[in-house]
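Undergrad: Here's a structure for you.
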Amino acid sequence: MELTRRSALAAGTAAAIAPLSRARAQANTIRIGVLTDMSGTYRDNTGPTSVACTREAVAEFGASHGFTVEVVEADHQNRPDVGSNIARQWYDQGVDVIVDVPTSSVGLAVNQIAREKNKAYLNVGSATADMTGPACSPNTIHWAYDTYMLAKSTGGAMVRAGGDSWFFITADYAFGHALERDNANFVRAAGGRVVGQVRTPFPGTTDFSSFLVQAAAARPKVIGLANAGADTANCVKQAAEFGITRRGIKLAALLLFVNDVQGIGLQTAQGLVCTESFYWNTNDKTRAWTQRVIRRTPTNYPNMIHAGCYSATLHFLKTVAAMGVPAAKASGLELINRMKATPSEDDCFGTGTIRADGRRLIPSFLFEVKSPAESSGPWDFYKLLQTTPANEAFRPLAEGNCPLVRS
């Protein structure tokens, strides 16, 4: 085919316009990266349902705000090196915010990378309270829960009920260490004592029998399970097999989700106490929201992490709309500052504020797992024992040693 001067000019013009059009489209697109556990210990508690809840927030936010939203997802495999590499690549390729990130060792790594890149990080899945303490960053907000809140609610309740001697079975990484530390502090402050602890390799431990035998031999009143997900479920099931609770020893599942109860079964899990900041069956709004979500994940109900991914994403998008896309993309720091300055509101958590250290303040709820006879249907697992108000649920601002907070 003969290439005429006119066709050559047209081709050249089209080639020039295409990158420009793509650049304009990219400049008007907000990218959200959900970094989570898609295949490991925390898959049911985070994973695909975290992605689904993030996408639900995008869908509810709508497409009438003058910009488009893309959601990408990745599995960090509960490994800090894998999570760090994904986070760096995403931020360098134009991802504007990373959401979720269960596994505190991974979360702390992403926390630092977001600060280096001046990007936004909405931590939901990582529990360590150090995220708003010594490791706090101006580019990070911590949503939904943390180890201090869990210790104050669940651990505090066990001590008040007479559980004044504890043995901890602890996942051997940042989350487990922080959860054990925060609970041990509450036990000692109440006049109790820690009679021992054992740390279990993470990830990869499925047989906890030797650790449970060691714990029972110390004769504590409470065995504190400073782990989560499949690890907690396995501990509870194996403790039942060994008849540990029949010896008068209480189990404290220091981080238990509704999804874990589903996996354990009410017959075995009944009577356990746990803390969450969201429960699907709390009120009409949480029930209606859950029905919208389970259309995306029909075999898994949302917990506080899943609800946190939705809530944090929705507040982020509202803030982007208020700032304008260019300003929001220019500085993660300024975006996070605007999110902190703006009260958040959604169907999962109601209204809430964000402190200077990045802590999103919401109430925490102490639940007891129902017996099979008490449950009225599928996923009806909890009865409410106690509510801790938002301004009391988390560590006081002055006690966190966050460098962002002026003494």
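The values are calculated or read from the model by the stated rules, or taken from the named source; none is laboratory data. Note that the structure is predicted; figures quoted are calculated from it, not measured. Ideal geometry is used to build each Cβ from the backbone, glycine not excepted, and the neighbour counts take in all protein chains shown. In case anyone asks, the SASA skips ligands and DNA or RNA and just uses the protein heavy atoms, side chains included. Shrake-Rupley method; radii C 1.70, N 1.55, O 1.52, S 1.80 Å.
Undergrad: For the range 112-185, please list each of the strands (runs of 3 or more DSSP E) lying entirely inside it that holds at least 2 residues being within 19 Å of residue 36 (Cα to Cα), in contact (Cβ under 8 Å) with a residue 40 or more places away in the chain and open to solvent by less than 10 Å² (accessible area, probe 1.4 Å).
TA: On the way: elements: 120-123, 140-142, 165-171.
Passing ranges, in order: 120-123, 140-142.
Undergrad: With the structure loaded, tell me whether residue 375 is of a type in the set (Ser, Thr, Tyr) and more than 22 Å from residue 54 (Cα to Cα) or whether it fails that test.
TA: yes
Undergrad: Considering only residues that are more than 21 Å from residue 144 (Cα to Cα) and not basic (Lys, Arg), which ones fall in the range 321-349?
TA: Within the range 321-349, 321, 322, 323, 324, 325, 326, 327, 328, 330, 331, 334 meet the criteria.
Undergrad: Take the conditions more than 21 Å from residue 46 (Cα to Cα), open to solvent by 40 Å² or more (accessible area, probe 1.4 Å) and out of contact with any Pro (no Cβ under 8 Å at 6 or more places or on another chain) and apply them to residue 328. Does it pass?
TA: No; evaluated as a whole, the condition is false for this residue.
Undergrad: Here's something else I'd like to know. For residues in the range 359-374 being of a type outside the set (Asp, Glu), part of a strand (DSSP E or B) and in contact (Cβ under 8 Å) with a residue 40 or more places away in the chain, which is surrounded by the most Cβ atoms within 10 Å (Cβ to Cβ)?
TA: 360
Undergrad: To continue, here is another question. What number of residues in the range 240-262 are in a helix (DSSP H, G or I) and modelled with pLDDT of 95 or more?
TA: We begin by selecting, within the range 240-262, every residue in a helix (DSSP H, G or I); these are 240-241, 245-247, 258-262.
Those left that are additionally modelled with pLDDT of 95 or more: 258-262.
Number of matching residues: 5.
Undergrad: Got at least one residue in the range 188-195 being more than 28 Å from residue 135 (Cβ to Cβ), at pLDDT 95 or above, β-branched (Val, Ile, Thr) and touching a helix residue (DSSP H, G or I) at 6+ places or on another chain (Cβ under 7 Å)?
TA: For the range 188-195, residues more than 28 Å from residue 135 (Cβ to Cβ), at pLDDT 95 or above, β-branched (Val, Ile, Thr) and touching a helix residue (DSSP H, G or I) at 6+ places or on another chain (Cβ under 7 Å): absent.
Undergrad: Another question, if that's okay. Just one of (1) closer than 13 Å to residue 209 by Cα; (2) open to solvent by less than 10 Å² (accessible area, probe 1.4 Å); (3) touching a helix residue (DSSP H, G or I) at 6+ places or on another chain (Cβ under 9 Å) trips up residue 243, so point out which.
TA: So the condition that residue 243 fails would be (3).
Undergrad: Tell me which residues, restricted to the range 219-229, are open to solvent by less than 40 Å² (accessible area, probe 1.4 Å) and not in a helix (DSSP H, G or I).
TA: Selection gives 220, 222, 223, 224, 225, 226, 227, 228.
Undergrad: For residue 73, are the conditions met, namely being open to solvent by 50 Å² or more (accessible area, probe 1.4 Å), in contact (Cβ under 8 Å) with a residue 40 or more places away in the chain, more than 25 Å from residue 175 (Cβ to Cβ) and out of contact with any His (no Cβ under 6 Å at 6 or more places or on another chain)?
TA: No; evaluated as a whole, the condition is false for this residue.
Undergrad: Considering the range 348-358 alone, what residues qualify as being outside any loop (DSSP other than H, G, I, E, B) and either open to solvent by less than 40 Å² (accessible area, probe 1.4 Å) or in contact (Cβ under 8 Å) with a residue 60 or more places away in the chain (or both)?
TA: 350, 352, 354, listed by residue number.
Undergrad: Looking only at the range 376-394, which residues are part of a loop (DSSP other than H, G, I, E, B), open to solvent by 30 Å² or more (accessible area, probe 1.4 Å) and touching a residue at least 12 places away in the same chain (Cβ under 8 Å)?
TA: 389
Undergrad: Considering only the range 325-347, I want to know if a residue exists there that is in contact with a His (Cβ under 9 Å, 6 or more places away or on another chain), more than 19 Å from residue 31 (Cα to Cα), at pLDDT 95 or above and among the hydrophobic types (A, V, I, L, M, F, W, C).
TA: Checking the range 325-347: not a single residue is in contact with a His (Cβ under 9 Å, 6 or more places away or on another chain), more than 19 Å from residue 31 (Cα to Cα), at pLDDT 95 or above and among the hydrophobic types (A, V, I, L, M, F, W, C).
Undergrad: Is the range 52-61 home to any residue that is open to solvent by less than 50 Å² (accessible area, probe 1.4 Å), outside any loop (DSSP other than H, G, I, E, B) and touching a Pro at 6+ places or on another chain (Cβ under 9 Å)?
TA: From the range 52-61, those open to solvent by less than 50 Å² (accessible area, probe 1.4 Å) are 52-54, 56-58, 61; that's our starting set.
Among the residues that remain, those that are also outside any loop (DSSP other than H, G, I, E, B) are: 52-54, 56-58, 61.
Add one more test, that the residue is touching a Pro at 6+ places or on another chain (Cβ under 9 Å), and what stays is 52-53.
Yes: one or more hits.
Undergrad: If only one of 250, 285 is touching a residue at least 60 places away in the same chain (Cβ under 8 Å) and surrounded by fewer than 16 Cβ atoms within 10 Å (Cβ to Cβ), which one is it?
TA: Just a single option satisfies the conditions, and that option is 285.
Undergrad: So which of 268, 232, 275, 205 is touching a residue at least 24 places away in the same chain (Cβ under 8 Å) and part of a loop (DSSP other than H, G, I, E, B)?
TA: 205
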